[in-house]
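**Student:** Got a structure for you, questions after.
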């Protein structure tokens, strides 16, 4: 016999431990004749009797005594392969890539970084500016985690739902429309718009609505960053269609306000995505749960609320 398979290795361990063919057969749920055949194969492979009859008992040969601790170690290592390794955040030395909008990076990630500094100080984060057409390329782009609003993704992506809200119209406090209790779609189209060119898809529904009515809007300023969009609105007559939680928090930083849209708008659902190849990774699981919890708990995170409040 040229090869020793795992079943024979396990049989060898039990035979050497019990030193009895009948008891070994019982432990392995084999017939005694099947166990005897395996002992014969093992004797042939090692060219050694292994078990030597002495009256009613068997004794281990010198070769068998040498083999027993080796076999136990090998099978112990094989058993460990099945076990999920324990994860210690404090000992983890990894670099993870995270793609999101600059809003998440500016207002949410500082809290995440603070937690990492305390619990996993050797984990590093590489932030990437999220582009909507990346969603089905997450594996190819080697992105560990993605935060965006879309659920239109490939089957190879896993996700967590982290929040929901609806779009509103963000504008300067002294904007003409801000002085009115209500306004219509045509009232909005009198003014130019500011549009975000990165992050998730947050206003294409509005353009589809306009197209269905044979109308269009003027986009005066297109910018990839929320941090650049907010101050641009302050001293202008531009309008920005943005998620309500973002508008609400922009008001805390700038003289801005928001109004409900005069059209039916879809709800925004926010998700944390990762490729399925990372799903069982203990370090990845710990990090994504940390990020998801921080986003949900953050004062700047998406959440449901009454826009009239």
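**Student:** For the range 189-212: of the residues being in contact with a helix residue (DSSP H, G or I) (Cβ under 8 Å, 6 or more places away or on another chain) and assigned to a loop (DSSP other than H, G, I, E, B), which is modelled with the highest pLDDT?
**Tutor:** 191
The rows are residues; the columns are (1) outside the structural domain of residue 202 (by TED's automatic domain parsing); (2) in contact (Cβ under 8 Å) with a residue 12 or more places away in the chain; (3) out of contact with any helix residue (DSSP H, G or I) (no Cβ under 9 Å at 6 or more places or on another chain).
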{"site": "12", "(1), (2), (3)": "yes, yes, no"}
{"site": "25", "(1), (2), (3)": "yes, no, no"}
{"site": "41", "(1), (2), (3)": "yes, yes, no"}
{"site": "46", "(1), (2), (3)": "yes, yes, no"}
{"site": "66", "(1), (2), (3)": "yes, no, yes"}
{"site": "97", "(1), (2), (3)": "yes, yes, yes"}
{"site": "107", "(1), (2), (3)": "yes, yes, no"}
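**Student:** Just for the range 226-245: of the residues that are within 15 Å of residue 107 (Cβ to Cβ) and touching a strand residue (DSSP E or B) at 6+ places or on another chain (Cβ under 8 Å), which one is surrounded by the most Cβ atoms within 10 Å (Cβ to Cβ)?
**Tutor:** If we take residues in the range 226-245 being within 15 Å of residue 107 (Cβ to Cβ) and touching a strand residue (DSSP E or B) at 6+ places or on another chain (Cβ under 8 Å), then 242 is surrounded by the most Cβ atoms within 10 Å (Cβ to Cβ).
**Student:** Still on this structure: Considering only residues of the range 108-122 that are outside any helix (DSSP H, G or I) and surrounded by 18 or more Cβ atoms within 10 Å (Cβ to Cβ), which is modelled with the lowest pLDDT?
**Tutor:** 108
**Student:** Given the conditions (1) surrounded by 15 or more Cβ atoms within 10 Å (Cβ to Cβ); (2) outside any loop (DSSP other than H, G, I, E, B), which single one is not true for residue 186?
**Tutor:** Unmet for residue 186, out of (1) surrounded by 15 or more Cβ atoms within 10 Å (Cβ to Cβ); (2) outside any loop (DSSP other than H, G, I, E, B): (1).
**Student:** Pull up the range 123-142, narrow it to residues that are more than 23 Å from residue 196 (Cβ to Cβ) and surrounded by 13 or more Cβ atoms within 10 Å (Cβ to Cβ), then point me to the one that is modelled with the highest pLDDT.
**Tutor:** Among residues in the range 123-142 that are more than 23 Å from residue 196 (Cβ to Cβ) and surrounded by 13 or more Cβ atoms within 10 Å (Cβ to Cβ), the one modelled with the highest pLDDT is 123.
**Student:** If you go through the range 44-65, how many residues are over 51 Å from the mean Cα position of the chain (by Cα) and assigned to a helix (DSSP H, G or I)?
**Tutor:** Here the count works out to 3.
The values are calculated or read from the model by the stated rules, or taken from the named source; none is laboratory data. Note that this is a predicted model, so its numbers are computed, not measured. FYI the Cβ positions are ideal-geometry reconstructions off the backbone, even for glycines, and counts take in every protein chain you see.
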